[in-house]
Amino acid sequence: MAEKVPEMYNYCIVLWAILGVLGACGVSRNPEYVEKEKEKMNQSKPNQINETEDFLAEPEPIGFLEGLKTWRFLHIGLMIYTGLFYGVYLAGVYKTTAQDFISDKALTTAGALGSLCNGGSRILWASLYDHYGFKKVYFTLLCIQLVVSSTIFYLKMQPTLYTIWVGLSFLCEGGHFSLFPTLTCRIFGMTNGG
């Protein structure tokens, strides 16, 4: 039974990668709302379009229960669930996965580095989001997480690399908690998303 764990782990990684990439490609603001805002801005200032105002424009408010029924909410929920699955899973098993090959001290160091990466990376991911937008940053995060999650099982006998990989895993987990609140605020508005 235990021999099947690596095989099942690889199947979960492939499924997660497919769902994550498909989800990241589909995120966008409501096109009708964006078009209305551009028309309003063109009417008030026909020769001047200010991209900052368009970015900061508040989406039309919708009720809380209405928001839960939208496909965007379900889409974002599925993205964060599939994206966080690996990080939450690893937080529970990173020690038991390598305890036969790596000393307890090295595993404790890996956990400490991971928690620093988780908390510290949130500023990094938020800054990248401000400069490059959600899709590029989230796609980068998913690529890092895909490489790390598909190779960490094979590095469990290398204390240094395993520690770095645990840190990178938690770095990606921190990215999810940094990117998604901003995304929901941008899509649903400050009242409902923030």
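The values are calculated or read from the model by the stated rules, or taken from the named source; none is laboratory data. Source: prediction; values computed, not measured. Cβ placement follows ideal geometry from the backbone for every residue including glycine, while neighbour counts extend to all protein chains displayed. Heads up: the accessible areas ignore ligands, DNA and RNA and are worked out on the full protein's heavy atoms, side chains in. Shrake-Rupley method; radii C 1.70, N 1.55, O 1.52, S 1.80 Å.
How high is the relative contact order of segment 82-194, in percent, counting Cα pairs under 8 Å that sit 6 or more residues apart?
Numbers: 119 pairs, mean separation 44.7, N = 113.
Value for segment 82-194: 40 percent.
Sort H176, H75, H131 by heavy-atom solvent-accessible area, probe 1.4 angstrom, most to least.
Working: H176 0, H75 35, H131 150 Å².
In descending accessible area the options line up as H131, H75, H176.
Can you compute the label reach from L124? Point 7 Å from Cα along the Cβ direction, backbone N cut-off under 13 Å, restricted to segment 155-188.
Output list for this probe position: 164-176.
May I ask you to derive the FRET efficiency for D104 and L15 from their Cβ-Cβ distance with R0 = 22 Å, giving the value to the nearest 0.05?
The computed FRET efficiency comes out at 0.10.
Taking R0 as 30 Å, what FRET efficiency do you get between Q158 and Y81 from their Cβ-Cβ distance, rounded to the nearest 0.05? Before the final figure, lay out the partial values.
Details: r = 31 Å, r/R0 = 1.02.
The calculated FRET efficiency here is 0.45.
Mind checking the log10 I(q)/I(0) for segment 72-194 at q = 0.14, 0.22 Å⁻¹? Debye, one equal scatterer per Cα, no solvent, two decimals.
-0.60, -1.20
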